[in-house]
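Single-structure report; data block below.
The values are calculated or read from the model by the stated rules, or taken from the named source; none is laboratory data. The shown structure was predicted, so the numbers you read here are calculated from the model rather than taken from an experiment. Cβ placement follows ideal geometry from the backbone for every residue including glycine, while neighbour counts extend to all protein chains displayed. Just the protein is used for accessible areas: all its heavy atoms, side chains included, with ligands, DNA and RNA removed. Shrake-Rupley method; radii C 1.70, N 1.55, O 1.52, S 1.80 Å.
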Amino acid sequence: MAIILNNKISLTTSLDDKSDRLAQSTVVFRPVSISLIRRRRKFIVRGGASETEATKDKSVESEKVSGSSINQLLGIKGAAKETNIWKVRLQLTKPVTWPPLVCGVAVGVAASGNFQWSVEDVAKSIVCMIMSGPCLTGYCQTLNDWYDRDIDAINEPYRPIPSGIISKNQVIGQIWFLLIGGLGLARLLDVWAGHDVPVVFYLALVGSLVSYLYSAPPFKLKKNGWIGNSAMGVSYISLPWWAGQALFGTLKADIIILTLLYSLAGMGAAIVNDFKSIEGDTALGLQSIPVAFGIDTAKWICVGAIDVTQITVVGYLLGAGKPYHALALLGLLVPQVLFQFLYILKDPIKYDVLYQASAQPFLVMGLLVTALAVNGH
């Protein structure tokens, strides 16, 4: 503005002198004034855009900071931003994913037919649950978050790893600690149970390997929705059942086949987690079921896998002469279908967590009913 004012003063002075100097001053003044005005206008436009973007970023950051502290501890979306390293470490293990594994062990223990309500048997069961849930599931989730950091930077940039709250060395250290701890507990259980063959350790080792292949390149099983979710189904239903049953009894062929069949329901349940990651999966070329088939088709594949599997198990129980167990399983399927229509089939992205919290307990209870039927109770 000072430059423009000086030019105006110069112009006024030149009017009092000579007309030819007026023309010269005018020629010099006009392009300079116009150029300055244009530059000023450009600066204002850019400044306005920057302020808008800054306001938007602050708004988004405010939403993340004001998220739920409970969600943060459970490791689910909508979490509050946390700087306490131990809370962040817990968040990486996603405690919300532990219950299916813990319950799976309980189902296997029930199916063995050899569990007694003694201090020793209860202690064995609890150690097996810690191995399957906090240790090996925590290992799996931390490992997955590490290899999914680029996807999370798109889908959930506020998560611990993409946001930089926790360092690379801290994450790698946690992965190894949980893996070694889980395998160590598995070996302890074999010794405690007097196994000649360390079957619990082998199951834990297989589960750990599947977790690595699922998340890590170059294999990254999750790149293909069918393969990745099938691996998840086996890990969340078959393996913990087998571990619990092997701890107190023996694994038979019919149990292995039945649990693998039930893993198809686990595959359907795993698809629920893929809806929230569509944007990142698409950007990085992962062919999850929702990406490959679209949301509308994927949600029907999801509920179809869950429901058809359980109906098939109902038929199996009827054929095995267990009509009351079959009827109980069918009754537990009804609320699952209800929640599917209320949540997953309505909006799988918005209601994914709510659906899992509502329907998953009935799926787990169905597993327990099946285990009791196999056990003869």
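General observations
- Rounded to 0.05, the FRET efficiency of the VAL308 and ILE349 pair, given R0 = 30 Å and the Cβ-Cβ distance, is 0.80.
- Of the whole protein surface, LYS87 contributes about 90 Å² of accessible area at a 1.4 Å probe radius.
- Prolate/oblate/rounded label for the stretch 70-250 (Cα gyration tensor, a/c 1.5): prolate
- Pairwise centroid distance, computed over Cα atoms, of the stretch 179-257 with the stretch 64-135, Å: 16 Å
- Solvent accessible area, Å² - MET232, 1.4 Å probe, full protein context: 30 Å²
- Cβ-Cβ distance of TRP176 and THR250, R₀ of 30 Å, FRET efficiency by 1/(1 + (r/R0)^6): the value works out to about 0.40.
- TYR202 accessible area, 1.4 Å probe, all protein chains in place, Å² to nearest 10: 120 Å²
- Pairs with C-alpha atoms separated by more than 18 Å, drawn from the list LYS77/LYS222; LYS223/LYS276; LYS87/LYS220; LYS222/LYS350; LYS299/LYS350; LYS81/LYS346, are LYS77/LYS222; LYS87/LYS220; LYS222/LYS350; LYS81/LYS346.
- Percent accessible area from carbon and sulfur atoms, the stretch 70-250, protein chains only, probe 1.4 Å: 68 percent
- Remark: spin-label model distance ALA153-HIS195 equals 4.1 nm, labels positioned 7 Å along the Cα→Cβ axis.
- Relative contact order %, the stretch 121-260, counting alpha carbon pairs below 8 Å whose residues are six or more apart: 24 percent
- Surface share of carbon and sulfur [accessible, 1.4 angstrom probe, percent] for the stretch 252-376: 70 percent
- Largest to smallest in accessible area, the residues TRP242, TRP192, TRP86 fall in the order TRP86, TRP192, TRP242 (1.4 Å probe, all protein chains included).
- Each label was represented as a point 7 Å from its Cα along the Cα-to-Cβ direction; for TYR202 and ALA320 these points are 2.3 nm apart.
- Stretched out straight at 0.36 nm per residue, the stretch from LEU327 to ALA123 would grow longer than its current Cα-Cα span by 70.1 nm.
- Across the protein chains, with a 1.4 Å probe defining accessible surface, the residues ASP296, ASP152, ASP347, ASP254 rank ASP296, ASP254, ASP347, ASP152 from largest area downward.
- Cα gyration tensor category, rounded, prolate or oblate, for the stretch 199-272 with a/c compared to 1.5: oblate
- Check: the stretch 252-376 dipole with +1 on Lys, Arg Cβ and -1 on Asp, Glu Cβ, in debye: 320 debye
- Average accessible area per residue (Å²) across the stretch 252-376 - probe 1.4 Å, nucleic acids and ligands excluded: 44 Å²
- Our estimate of slack between PHE341 and LEU188, defined as 0.36 nm per intervening residue step minus the Cα-Cα distance, is 50.6 nm.
- Surface listing: ARG159, ARG89 arranged by accessible area from highest to lowest gives ARG89, ARG159, probe 1.4 Å.
- Take the Cα of ALA283, step 7 Å toward its Cβ, do the same at ALA357, and the gap between the two points is 2.7 nm.
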